[in-house]
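J.: Shown below is the structure under consideration.
The values are calculated or read from the model by the stated rules, or taken from the named source; none is laboratory data. Worth saying up front: this structure is predicted, and the values here are computed from it rather than measured. FYI the Cβ positions are ideal-geometry reconstructions off the backbone, even for glycines, and counts take in every protein chain you see.
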Amino acid sequence: MKGTETAWRLGDNREHPSADEALFAYASGHWHLISPHSETVSWTFIGKEVDYDLTFIYLESARAHPDSLATMESDGLFELFEDQVNEVTIQRGDSSSRFWLTAEDPSKPVQFIDP
């Protein structure tokens, strides 16, 4: 319905009570970690941080063998911002990988090297 948009007010003292739930639902639908067997890894919402126009979303998955992580995909917020860049950091133990995903380059291979 027209005119029924929700004012989420992320990080504001008037933040909508369902903001975290809505943010998790959106993130789950737009940020995907895909296994080599084409299975999407399930997320758990850990929380968020809001710093002016940046929002950091923290998601966690069950621990997986590094070979089971194949591709990180994102189309989050591309429908709202033409120049949107999603910085994604995936951490496993002491190793981490960082990616910048854009509408032109929305997926990256994930590889961890055990020490």
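J.: Can you name the condition, by its number, that D94 falls short on among (1) of a type outside the set (F, W, Y); (2) farther than 23 Å from R9 by Cβ; (3) at pLDDT 85 or above?
T.: Going through (1) of a type outside the set (F, W, Y); (2) farther than 23 Å from R9 by Cβ; (3) at pLDDT 85 or above one by one, D94 breaks only (3).
J.: Answer yes if at least one residue in region 41-60 is within 22 Å of F99 (Cβ to Cβ) and among the small types (G, A, S), and no otherwise.
T.: Yes, region 41-60 contains a residue that is within 22 Å of F99 (Cβ to Cβ) and among the small types (G, A, S).
J.: I need the full set of residues from region 33-60 which are surrounded by 11 or more Cβ atoms within 10 Å (Cβ to Cβ), acidic (D, E) and under 16 Å from T89 (Cβ atoms), in order please.
T.: Once the filter is applied, which keeps residues that are surrounded by 11 or more Cβ atoms within 10 Å (Cβ to Cβ), acidic (D, E) and under 16 Å from T89 (Cβ atoms), region 33-60 yields E49, E60.
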